[in-house]
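First up is the structure itself, then whatever we jot down about it.
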Amino acid sequence: MAELDRLDDPCSEQAGPVHVTASAIVVGTRGTVLHLHKRLGRWMQPGGHIDLGESPPVAARREAIEELGLDVVHPEDGPRLIHLDVHEAALGHTHLDLRYLLLGSADDPHPPPGESPEARWYDWDDAAAMADEALAPALVVARAEWDALTSGGKNDEGVDSRGDGDVGRGG
């Protein structure tokens, strides 16, 4: 995250070769949603570049809706930044991908024309087995966050499992 302070306009892909992108780890009662990336041919989370004037959490939600055709929302207590992935991208760019937890309806995804038609819910184990390897750490965190949300934040012993509220939280 320290890299962000060095960038003139961190969310603009035109400002330089290093920029922020936003993506969504969509979770729900059916597990998590993955889509087969059109160009890369890998099972991934929806996401992409941040539009001018848009915040990263808003971009993550927009990208998920656009790519999946599924109703998604941030958790009731606000956006949760759960993972940061740094990866090389096209045109010699480096993406600082901010990955947010989003809650999806139990409906099947219906990607619109122009997006990958291959998008579906997967149970956690299947998703972990087939997802792009760079996504695996985020899926572990997303599953724990989903479990905490659906258990009221308590683990099997009734102890608060959400930590101090700073780790994995975004705004």
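Computed values, structure above
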{"item": "Some residue of region 48-67 being of a type outside the set (A, V, I, L, M), part of a loop (DSSP other than H, G, I, E, B), closer than 22 Å to Asp147 by Cβ and in contact with a strand residue (DSSP E or B) (Cβ under 7 Å, 6 or more places away or on another chain)", "result": "no"}
{"item": "Residue list for region 36-48, filter: more than 13 Å from Val72 (Cβ to Cβ) and touching an Asp or Glu at 6+ places or on another chain (Cβ under 7 Å)", "result": "Leu36, Arg42, Trp43, Met44, Gly48"}
{"item": "Filter pass, Leu103 being closer than 18 Å to Val72 by Cα and either hydrophobic (A, V, I, L, M, F, W, C) or at pLDDT 75 or above (or both)", "result": "yes"}
{"item": "Subset of region 93-136 (residues that are under 26 Å from Val20 (Cα atoms), part of a helix (DSSP H, G or I) and touching a residue at least 60 places away in the same chain (Cβ under 8 Å))", "result": "Ala127, Met130"}
{"item": "Test: residue in region 73-80 that is free of Cβ contacts under 8 Å to residues at least 60 places away in the same chain and either within 10 Å of Ala24 (Cβ to Cβ) or surrounded by 15 or more Cβ atoms within 10 Å (Cβ to Cβ) (or both)", "result": "yes"}
{"item": "Matching residues in region 5-33 - criterion: being outside any loop (DSSP other than H, G, I, E, B), modelled with pLDDT of 65 or more and closer than 14 Å to Thr94 by Cβ", "result": "Val18, His19, Val20, Thr21"}
{"item": "Out of Leu102, Leu98, sole residue that is within 19 Å of Asp147 (Cα to Cα) and buried (at least 23 other Cβ atoms within 10 Å of the Cβ)", "result": "Leu102"}
{"item": "Among the candidates Leu81, Leu149, residue that is part of a strand (DSSP E or B) and either more than 13 Å from the chain's Cα centre (by Cα) or modelled with pLDDT of 95 or more (or both)", "result": "Leu81"}
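The values are calculated or read from the model by the stated rules, or taken from the named source; none is laboratory data. No experiment lies behind these values; they were computed from the predicted model shown. Positions of Cβ are generated from backbone atoms using ideal geometry, with glycine treated the same way; all protein chains shown enter the neighbour counts.
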